[in-house]
Structures are given as C-alpha cells and as structure tokens.
1. Let me cross-check CYS338: its accessible surface, 1.4 Å probe, with only protein heavy atoms counted, in Å² to the nearest 10?
2. Please list ARG285, ARG53 from largest to smallest accessible area, probe radius 1.4 Å, with all protein chains kept in place.
3. Can you tell me the length gained on complete extension of the stretch GLU857 to GLN679, counting 0.36 nm per residue apart and subtracting the Cα distance?
4. Counting only protein chains, not ligands or nucleic acids, how are LYS461, LYS512 ordered by accessible area (probe 1.4 Å), most first?
5. Counting only the backbone N, which residues of the stretch 252-278 are under 16 Å from the spot 7 Å out from the Cα of LYS389 toward its beta-carbon?
6. Expected output is a single nm value to one decimal: the length gained when fully extending between TYR315 and THR808, i.e. 0.36 nm times separation in residues minus the C-alpha distance. What is it?
7. Report the accessible area of CYS712, computed with a 1.4 Å probe over the heavy atoms of all protein chains in place, in Å² rounded to the nearest 10.
8. Round to the nearest 10 and report in Å² the accessible area of TYR683, as given by a 1.4 Å probe over the protein chains' heavy atoms.
Amino acid sequence: MITNNNNNKHHITHSTRWEFRWCCVWDTADSCLSHDAKVKLAEFSQTPEDFLRKYEELKSKNARNLDPLVYLLSKFCEDKEMLQCLQQNAKERAESSANTTSTTTTSYTLPQTSTKISMQELEELRKKIGNVTASSSAPLPAEVTRKMLRDKHNKKNPTQPIPVFPNWVYERPSLLGDFITSPTPAGDPPVAIGTLPMTTQEQAVVEDLLFVLIGVDGRDITAQPVLGRQNRSFIVDSTLDMSIKELVNRILPVASYYSTITRFIEEKSSFEYGQVNHALTAAMRTLMKEYLILVTQLEHLQRQGLLSLQKLWFYIQPTMRTMEILASIASSLDKGECMGGSTLSLLHDRTFNYTGDSQAQELCLYLTKAASVPYFEILEKWIYRGIIKDPYSEFMVEEHELQKEKIQEDYNDKYWDQRYTIVLHRIPSFLQKMADKILSTGKYLNVVRECGRDVTCPDAKEVLYTLKERAYVEQIEKAYNYASKVLLDFLMEEKELVSRLRSIKHYFLMDKGDFFVHFMDLTEEELKKPVDDIVPPRLEALLELALRMSTANTDPFKDDLKIDLMPHDVITQLLRVLAIETKQEKAIINADSTDVALSGLEAFSFDYIVKWPLSLIINRKALTRYQMLFRHMFYCKHVERMLCNVWISNKDFKLYSLNSAKWFSAAFALRQRMLNFVQNIQYYMMFEVMEPTWHIMETNLKTASNIDDVLCHHTSFLDNCLKDCMLTNPELLKIFSKLMSVCVMFTNCMQRFTQSMRLERLSLEQGTMDGPPTQSEQAEEAEKKRLTTKLLAEHVDALQSDAGFEATISKFDSNFSMLLLDLLDKLSIYSTNDCEHSMISIIYRLDFNGFYTERLERMAVERSQKAAA
C-alpha cells in the first residue's frame, strides 16, 4: 500500500509539475513586458524583496492596472531627468513635512543611546512596536465592516434598509464551522502520544485528523488562533513519531483551507456584502457539503477499523486541489474587499488563467457562473427595460438623484451625463469593452420610460456567463441597437425634434426677417427705457402682435417663444458661457451684476420653453448659446437701424450751403463706411456661418443612429457658430464691441445735431396765414423759405466753427479706421495661425477693393520686425 501510494504520489507530482510549467509558459508569453518591468524595478529598488512581496500582495488582491503601472515606473527608471526631478520633489516634500512630524510625534519614549537597554526594556519595546504594527496592518473587525457597509447603504437607500441577521448568529461560535479556540481545560495532563505504540499513535492521529478536517480541535493536533486574514496553523504533539508527523503535515493544509473557506463563507453570507458574494458563498457551501460527505465517509471507515493514515492521505488528495483553489479565491476576495463587479473580475481572471488545468478551470467556471447570476439579472433589467434594481450597490451603473426639470433652470446642468454614471471598480473585466454601450442602452430606454411609455427589448434573452465573450456581446449589441432606435424615433417623429430646432432657428438666428422688422418697429420706444422701467407683459403683448402680423404666424411652436430680460449685458453672458466647466465658473456665477443701469435693448433676449425629453437636446446650456448668438446679432441689427435713421434724417442737409456740405460729406462718408461694415458683418454671420453650418447639422441628423450622435451634432453646430462669429475669442470680441460703440456714439451725435436743426427750423417756419394763399402770398412764402434756408446754413456754419463738429467727425473717423484695421489685422493672424479660414471671408468683404491692404501689409512688416528684434 505504501509503495502504491508513493507511485501514485510520484505520478500526481509529475503531472502537476508539467501543468505548472505549461501555465508558467502561457502567463510569461502573455505578460512578457510586465515581467521584464517587474524585474527591472526589483533590480533598481534598494529592497527588492520588499518590492516583490508588495507586488505579489497587490496581485493577489487583483489590483487593477497593476502591470501598466509597473511598466510605467520601469520607464521612469530609464529617464534620468525624470528621476532627478522626482528625487528633488521628494526632498522638498520631506523638508516641508519636517515641522508637521515634529508636532505629531508618538508618545513612545526611547531610552538614550548612551545607556544600555536591559532585556526587559527590549521586550517591552518589541511588544509596543508589534502592537503598533499589528493595529496599523490588521483589518477592521467583521462587525465594524458590516456596520460601515450597512450605514453606507441605508444612507443611499433610506427606504430600503438591509436585512440584518440577529446578533445570536454571530455571538454563538458553536454555530460556525470553524475552530473554537479556548484555553486548555483543567485536569490530569494527557499521556504523551510518543510513549504509545506506533499502531496506537496512527489510530489516534487519524481520529484527530478527522476532527481537524471539519474544524474541531483534536487531542494531539490543535489549531492556533488567527489574526486578521492569516492562514490557520496547527500545533502537532512534538513527541509524535517523525514518519507519522511527516504525513500529518501533508494533510493539515486541507484543514487550513477548510478554515479559510469556512470563515469566508460565514462572513460574506451577510446581506451587507451584496448579492454576488451571497451567491458565491452559496455555491461554495454546495462544494463544502461534498467535502463534508467525504469526511463523513472516512469517519465511517475509521469506525470499522479500515482507515489507516496512508489511506486517509490517499482519499484526501483529490480534494486537496479543490480546497486549495477555493481557499486561494476566498483569500484574494477577502484581501481585495471585493464586491459585485470586482468579485466577478477576480473569478473571471482566475478562470481564464487556469487554461490548461481543466479541473481547476471547471471549478472556477462553476463559481463564476453561480456568482454572476444576480449581477446579470440587474444587467438584463437595465439593458432590456432601462430599470436599475441594485439594492447593494454592486452594478457598474450607478443612479444619482437628479431632477430633469433643472435642465431648463441651470445653464450648466449635467442631467444626461450625471444621472447615470459608470463606477469603474464595479465593471467586471469581461464587460470592460462593453461598459459604455451598457450605460447608453439603459439610459436610452430610461428616457422613453420616463415619458410614460413601457418599453421592453423584443430580443431579450437570458444573459449567461461564458468564457466565449461573443455570446453576451451579441445580446448587448442587439439591446443597444433597439434602444437607440426607439429613443431616436421617439424624439424625431413623435416629439418633432427637427421642427423644434427650425422653430428656434427662426427666432434666435433671425431667420424670419419680416417678423423682426415688425417686432423692432413695435418695441423700439419700449426698449429704449431702462430695464427696471420696462413692463414685461407689455413686451409679451407686442411680441404676440408681431408674431401674428408676420409669416411666423404659421409656426406651430410660436407660443413657446418668450421674452427674457437678462440681468447682465451680452459680454457678461459670453463670459459665463466661456467659463463653463472651468475654475472661474463658480466665481462668475456668484459675481454681482454690474452697477451700470442696463437699457432694455442691452438686457433683451428671447427664451424658449422646451419640455422633457426634448430638453435633453435643447437644454439650458444650448439655449444659452442660442441667446448669445441672438443678442449679438440683435445688437448689430439695432446699430444698422440707427445708421439708417441717420441717413434718412440727413436728407434735409441738401438744402444747406456749400461750406456746410464739405463737413456733411465727411460725416456721410463715415456713416456709409459704418453701415457697410455692419451689414457685411451681419451677412457673413447669417449666410456664410449659420446657414451652411445649419445645413450640415440637418444632414447629419438624418444619418444619426442614436441620441448621443444628435447631441454631438447639435453641440458642434452651436460651437462652430459661436467660434466663427468671433464670440469665443475675447480679443476679437473686444475690438468688435468697441467698433459698435463708436458707431452708436456717432449716430447719437448726428441725431442730436439733427434734432437741434429741426427745432431751429420749426421756430423759423411758423406761419400766420388763414385760408388758401393768394399769388402775392405764395411769392412771399417762397422768399421766406429762401431766407430760412440761408439763416439755417449760417446757423450750421456757426455750430461747426463754435463746437468743433468737424474735429469731432474727424475723431470718429480716425477711431473707427484704427479699430477696423486692428480687427482686420487680428482676423488675418487668426485665420493664418489657427487655420480659421472662414474668417478670411470677413477680410475680403470689408477690404473688397484693397483699400486697407497697403496699411495691413505695413502693420504685418512692423510686427515681424518687432518679433525679430
């Protein structure tokens, strides 16, 4: 029997050795780079053994991205400059933390180095250091961990508390399957086993081993207490025969594995550790039942006197490999504090790594399938119905409490991005590539569900774990395609998304010309008032009248257009848009509005009512961009109207003297240049930026396959419009706003002069005739008009000479020309350096006859000379 057992042992060892070699070759070929990096770091380290020990510890915890990190650190070792920088940084941090260290010194006092330490003091010092080390490295007690997990869950789901086992489950150690460590009972000391005959020793040891294998101390073999996550060790009577002790030591690892597995099952079966761990422990319990049945059968043989120590070793060997794998998995899960997706990742990696060991792989596959059932149930509800039912926070997708109504209130609301998010450490490694599609699939279906429609994927099938990832990848792909189509059709057809966008384009991008003519005529006097004096209901009534009187009356969504009087001017609003998702965002949001009183024209803007689910696309951030474009163009249209009014009022100046005409000709020429500038800028923005970009977006929307594509195309359209309209470049915007200010000041100056002339003319032309004029009266009236014109011309000449109007017009001209040249120069630079070729069109339009070309070339030469100097 012994000979046969040794042969069997030799065969098992030989087979296991070849399997081990094959696995090593497989792993080495798969992770050659990480192995070389690990060796390089170990050689570079001052304590290579500590480094390798820490690496293996992290590897056993299934730490993610460990090998890429090691590879990156190995590359740092090759870069001398990087090493010097890191060493310098470490030195500075050490110096800066010296003060902190001095204020937080420990309370342990060491004897002076000049005196000798006695053995008693040395032992006390060792105990203190050992206690500190143990307290810092030991894990938290199980009850503390359970309470932390329970509190975390109850805080997130206050309406669904976790079920809790009664205290007696944990307070009665006899209910557990593990060893109960207790002091040795008082009484007569047992007889040393070494004094007994060999046959009696073997029978006693076999009986002890059968107890130890099921977690009960024997007489001569006792279990040692464990601290934290240590493996169980045993004490064997030292008087036992050496040949028997050798065989006993080969069997005892099975008892250690049993203790590790039992502790894991008892701890992780609690509800606090989630459904995945609960399902895994249930599968382990099934395997442990088979193990206990085997031990029971061995006990039956032992009672019949048919079980020797060699037979016990023979019967227990097939189980040893299974117990070793289970204990290894339990230890790794416990060390890594794995739950949910991280548990499945570790099980999947173990299953994949055991390729070549069919028995071990089959065992891990069984455990992974059992543990993945509750996770895949959550996954199925999410990808097939858009529902998350994750009471223990194990699923890769996490739900946050956000209100969709805030999309229309907060311009920086992130409902679509933050309502459902991916938690990286909960993603099983076999679903890593599909994580984004899983997230999107459920989000699409959830939007449709929140609109009151119940949707279920027609291709819904049960998702089962398999090493062939393509099986569930295809199911996820089908669910994703269905969800994309359902939401896209819902928005495009039922909610008429494109028609809504066209409606917004009519008003915010000034697509309806006749509507704006009517509206600006009706609201001109009202918008001149300070914003605090404007009555919003009156503006709403005028807006309604303008909509009914124009072609906008055919728009079915015109009633969603509203008036909005902003608390800040257009420049401040632009800064708010540019500050989104930057460090300055909070400061700009909390900043007080300017003390300067705004006019109605400066504060005026449109707003638009958008309901769920269209508010996902036309959210507050998008509407803010539309408002930015509208206010910019609306102000340009206002300046154009003012310049046109100056042209109308200047018709009367044809009656004045030749001397005044010289002055008027300069003012007329400047007015025409300003009008040409404003009109060309408007034409460029409307017909060379917005219209082509809109047609590109419309074409892209027809080919969009999901809602994320629609969001991307819409956002791209708005961003391109803002950029090409010079609203994302503060330097260009600053110059443009100064040009507009010069135009407005010029028109105000001309209007004041025109009004003074009209008042003077009215005072000179007051007549006294009653009834129809006679021939003599007509001649007298003609002579009176001639004298009035002569007096007005003399009055104009006097105003010109006294008030310096000619110098004022000349100053307006020089300021406008200087700013316009500056704008053209900056546009030339940006179009060349930043490849903003669309802005070249502005240069061609404003400098169509080469009037500014020579001066621009001169400025370019001067700039290059300064750069060279």
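The values are calculated or read from the model by the stated rules, or taken from the named source; none is laboratory data. Note that the structure is predicted; figures quoted are calculated from it, not measured. So basically every Cβ, Gly included, is an ideal-geometry build from the backbone, and we count neighbours across all protein chains shown. Accessible surface areas use protein heavy atoms only, side chains included; no ligands, DNA or RNA. Shrake-Rupley method; radii C 1.70, N 1.55, O 1.52, S 1.80 Å.
1. Here the residue's solvent-accessible area equals roughly 10 Å².
2. On the way: ARG285 95, ARG53 140 Å².
Sorted by accessible area, descending: ARG53, ARG285.
3. My answer for the length gained is 61.6 nm.
4. Ranking LYS461, LYS512 by accessible area, largest first, yields LYS461, LYS512.
5. Those under the cut-off are 275-276.
6. Working: separation 493, 0.36 × 493 = 177.48 nm, distance 11.13 nm.
Between TYR315 and THR808, full extension yields 166.3 nm more.
7. That residue has around 80 Å² of solvent-accessible surface.
8. Solvent-accessible area, nearest 10 Å²: 100 Å².
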